[in-house]
1. Could you tell me whether chain B comes out rounded, prolate or oblate from its Cα gyration tensor? Rule is a ≥ b ≥ c as square roots of the eigenvalues, rounded for a/c under 1.5, then prolate if a/b exceeds b/c, otherwise oblate.
2. Based on the Cβ-Cβ distance from B:Tyr75 to B:Asn140, what FRET efficiency comes out when R0 is 41 Å, to the nearest 0.05?
3. Label A:Ile192 and B:Lys406 with points 7 Å out from Cα along Cα→Cβ: what is the distance between them in nm?
4. Using 7 Å Cα-to-Cβ label points, what is the B:Gln437/B:Glu167 separation (nm, one decimal)?
5. Sorting A:Asp200, B:Asp391 by accessible area (1.4 Å probe), largest first, what list results?
6. Contact order normalised by length for chain B, with contacts defined as Cα pairs under 8 Å and 6 or more residues apart; what percent is it?
7. About its Cα centre, how strong a charge dipole does chain B have in debye, to the nearest 20, once Lys and Arg get +1 and Asp and Glu get -1 at the Cβ?
8. Between the chain alone and the structure with every protein chain in place, find the residues of the range B:288-314 that drop at least 40 Å² of accessible area; heavy atoms, 1.4 Å probe.
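The values are calculated or read from the model by the stated rules, or taken from the named source; none is laboratory data. The shown structure was predicted, so the numbers you read here are calculated from the model rather than taken from an experiment. We place every Cβ from the backbone using ideal geometry, glycine too, and count neighbours over all the protein chains shown. Only protein heavy atoms, including side chains, enter the accessible area calculation; ligands, DNA and RNA are left aside. Shrake-Rupley method; radii C 1.70, N 1.55, O 1.52, S 1.80 Å.
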Amino acid sequence: MSARRLTANTMSHEVVSLNNPDYPVPEELRHNVAITTLDRIYNWSRSRSVWPMLFGLACCAIEMIAMAASRYDPARFGMEVMRPSPRQADLMIVAGTVTKKMVPQIVRLYNQMSEPRYVIAMGACASGGGPFKEGYTVVDGIDKFIPVDVYIPGCPPTPQALLQGFITLHEKIEGQSITTVPWYRKGESEPIPVPVLGPDLIDVRQTALIRDMASQVSDAPEAVID
Amino acid sequence: MFQETENTMSTPSSDVTANDVTDVLFRKFPNAIQPDEREGYSGIIVSPDHLVEVAQSIRDDLRHDLLTSLSYVDYIDEGYFEVVYHAYDTRKGGPAFNFKARVPRDEAVLPSLTGVWLSANLQEREAWDLMGIRFTGHPNLKRLLTWEGFEGHPLRKDWREPFYEEEKKPFKSRWPEGHAERAENRLPYGMNVQYPPEFTPDGWVPEGDAAIYEALGAPTTDSGISLHHIKTDQLIVNMGPQHPSTHGVFRMAVTLDGETITRLEPVVGYLHRNHEKIGERNTYLGNMPFTDRLDYICSMSNNLAYALTVEKMIGQEVPERAELLRILVLELTRIINHFWLIGFLLNDLGAFFTPALYMIMERELILDLFEALSGSRMMCNYMRFGGVAYDLPSYVGGPAVKPGDKARYLDTMQFIKDLVYDRLPKATDQIDTFLTQNEVLVSRCKGVGILPTDLAIACGMTGPVLRASGVAYDIRRSDPYSIYNELDFDVAVRYNGDTYDRYLIRLDEIRQSLRILEQIIPRLEATEGQEYWAGKRGHTIRVPKGEHYGHADNPKGELGFYIVSDGTANPYRYHIRAPSLINITALEAMCQGLKVADSVVILGSLDIVLGELDR
């Protein structure tokens, strides 16, 4: 029933405690003063106020709504505030099948989110195409276009599995450090190029490849790359 | 409030068209029509030149006024496309009248029937998009589910998708001793795309949305208000596809004059998941879990409509206990759907999430039962050809509700009784008490989005939307299936056709569903331990050659499956008549002259679900 942890680079299982008692705090101040690192307080506060974007695609969105209701109660994780605007959201839950007609909008929404931003691929379709993978207008996984932090298996995942995905995401956030995260580096981050709807979906990063393939039409269908 | 319908309609024989009905047509059009005499087929074949006149005669003389389904089949070996129409009589009920037209594959042009039935509008666009049949006289023949510029017509039998492996499942690479390879590795692009030969991306200009906006009229058109008065500009506004009020990835392109809607075009296809193409590769039973994902709020009802269709084709009988279990889950599904709809209609009205929370609470309890029964909360995959997959379990597991609470093990029959006799009626009364007379709900819904009876029938609306416009047409009564003809219930009808009636009729239907469930429970207890699944339980079944259109009254409207079998283990054609798609035909007419905020409420009251709309 519960989703397994799938992200590779999360922190170990130790619970991150905000207060670091290694530093001596006088006895009478113990209840009033907490000494911690900047990373820990920063990540602690970020991970407990992740605002998801209110946006669903397919069946998984129904389970996402069920998760947002009283029985599963995401307010326990500080995540009950779902924002319809990408500008105000920290987390995109790709809840459902991504089709070729929809993927330009999803990439655009992702580009509009302000950093730090996270993506959860909820369910089999968003993770890898799912039962509809063989279909002609289905994108076989949103990670072909935008980076994904947590994958949640299931068709659809139960609300419990989605909560498990949130906990996994929190662990990932708590493992990050201000000194290494990309959004504090110099310069602007590159937006992801928005794919174009042509005779089929055109990922503009593949333009050169498509041009090459067109020039060697005869053996195109058999070609295999590693 | 209710229209009593006679309970005398005998068992349906939807494949046979009564002779005296067709005689009228044969006398009137002796040269234009001929009976379809292929084995396993029914209906008449109309020559394309006379299609419109024959359709008019079917509507006016035969009184089959509701064109529900327009299916299209690619008979590649015979070299023609066949378009199959199913029309029903909303007054008398009874089986479908089925007529067909054929066009050669290389010159596929047919006259459009949009002048006779508006419900042909979106379905003809779909046939053009997926099969490449051009309909002359269609007002707006654009691609519907794919996009302008898409290469090819995917449902043609000679069109292959990028991840094509074989014509039919099970694929040799998987069974009996298969080693599946990632489909991405077979393509140079590493993902699910293909391009026509000699296509180069340089200089490609996407068609974009120009065609959509063109149909809406240029934004510089005169507003109709005299220039001496207040000047307003026409403005095109897009709502969706990721707008939270459009209930999924639905998009409305709206032309506004000030804040008033002058034109509205639904733009769909953002969740087109190729059910039909995949369904034609699958085995018959392999399609059952895919039907779950059509209307993903009502998976049980979708299962049933599909099971009914195939059972009719293979002549499979269903034991009594299976029928009872089916009705149990069907009517609970109807209650789930209507609760969900009311919750989210209130969401659209601005009562953000509080009413919906109460509705979801009841839904969770029903889903607990479904999970115990089928193993899954939403995607139940519960029906089989000849019965259901599992009998009632001995207990229903409920989650802990208080700190320190243990998981509960509740006796199943007791759980169902508590739901049906106590919990759900109270919840329904609670909705009624708190919402029905609510000032905001009344003022925003009464008289808003009126759908007149004749327009509702012309647009092919079905289900609660049609019944809220004063037509007592319910397939459970008009063409009964399962054991509905043994059950006592009324067809709920409301007569104003506005949003408020569409809200009220959902409450009426919940009460009727509870009434049905109350009749089912004693019979379930009496049949305990009896057979619940008759017939062969293998993974593949063979279906005799022929066609069949099976339909059921889903919470959203008539869900139909048109299946053509060539005698093998896979359907030759697998067409789904989705109520959500056809119910948006009237959206523009209902929204014209109203404000943007009203269009959201009207859409909410139509009750669409995108998994089914886009398929």
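1. Details: a/c = 1.31, a/b = 1.09, b/c = 1.20.
In terms of gyration-tensor shape, rounded.
2. Working: r = 28 Å, r/R0 = 0.68.
Here the calculated transfer efficiency is 0.90.
3. The two pseudo-label positions are separated by 4.7 nm.
4. 6.7 nm
5. Values: A:Asp200 5, B:Asp391 40 Å².
So the residues, ranked largest to smallest area, are B:Asp391, A:Asp200.
6. Working: 1160 pairs, mean separation 109.7, N = 615.
Reported as a whole number, the value is 18 percent.
7. On the way: 63 positive and 88 negative charges, 168 e Å.
For this selection, approximately 800 debye.
8. B:Phe290, B:Arg293, B:Tyr296
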